[in-house]
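Below is one structure; the comments refer to it alone.
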Amino acid sequence: MADTTFPRMSGWKNGYDPKQVDSFFKRARESFERPTPQPGDLDSRAVRTVGFDLVRKGYHVAVVDAALDRLEDAFAKQARDRLIAQSGQDAWVQELTRVAASLRGRLVREAGERFDSPPAGVIGYDIAQVDDMCEKVNSYFTQGVAMSVDQVRRVLFKTAKGNKAYDEDQVDAFIDRVVEVMASVD
């Protein structure tokens, strides 16, 4: 992994805090280059869920996000390669099958019933849009319909309330698992 420098936002636009970004990428590089993972090392999930403060003239958000996507993919592939080297191809396939099976449970449910509704008065994600994404993910897994991991990473759902919404936390956790599987395969 090479040293990273990112372009900065100009004018009055906010971007990611450079100190936070630089610190994170330094730590990621150290974790990635370590021959054996250590407690506290970063992994693909840590990369996917990292957040940075926005500051004036910070690093360009889209450029950093694209670098994070590539970094997440690299960590996922490294984890796959380590598991294969340690336990063999069959162990990796079994792990992938186990994770994919946990996703299938949601995907085979009827539209409108895949996730819980949010608590009363809490905003959630639009059921129709989430169900549409679930259908696409299901087609990817069961029929090999083309879909990129970035299509899943970048999905944005409209918000809704009550019986027209799914719980955001459940949907976000599901999307994270889908990205985890897709990143380790591609």
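The values are calculated or read from the model by the stated rules, or taken from the named source; none is laboratory data. Note that the structure is a prediction, hence the values are computed from the model and not measured. Using ideal geometry, Cβ is built from the backbone for each residue, glycine included, and neighbour counts are taken over all protein chains shown. Ligands, DNA and RNA are stripped out before the accessible areas are found, and what is left, the full protein with its side chains, is counted by its heavy atoms. Shrake-Rupley method; radii C 1.70, N 1.55, O 1.52, S 1.80 Å.
Here are some notes:
- Complete set of residues in the stretch 29-66 that are crowded, with 17+ Cβ neighbours inside 10 Å, among the hydrophobic types (A, V, I, L, M, F, W, C), in contact (Cβ under 8 Å) with a residue 40 or more places away in the chain and closer than 30 Å to residue 11 by Cα: 64
- Residue list for the stretch 151-186, filter: open to solvent by 70 Å² or more (accessible area, probe 1.4 Å), in contact (Cβ under 8 Å) with a residue 24 or more places away in the chain and within 17 Å of the chain's Cα centre (by Cα): 186
- When the stretch 73-90 is filtered for residues that are under 19 Å from residue 176 (Cβ atoms) and either at pLDDT 90 or above or among the basic types (Lys, Arg) (or both), the ones remaining, listed by number, are 74, 75, 77, 78, 80.
- Residue tally, condition farther than 20 Å from residue 154 by Cβ and either touching a Ser or Thr at 6+ places or on another chain (Cβ under 6 Å) or not in a loop (DSSP other than H, G, I, E, B) (or both), over the stretch 25-54: 11
- Residue in the stretch 117-139 that is open to solvent by 50 Å² or more (accessible area, probe 1.4 Å), touching a Gly at 6+ places or on another chain (Cβ under 9 Å) and closer than 15 Å to residue 172 by Cα present: yes
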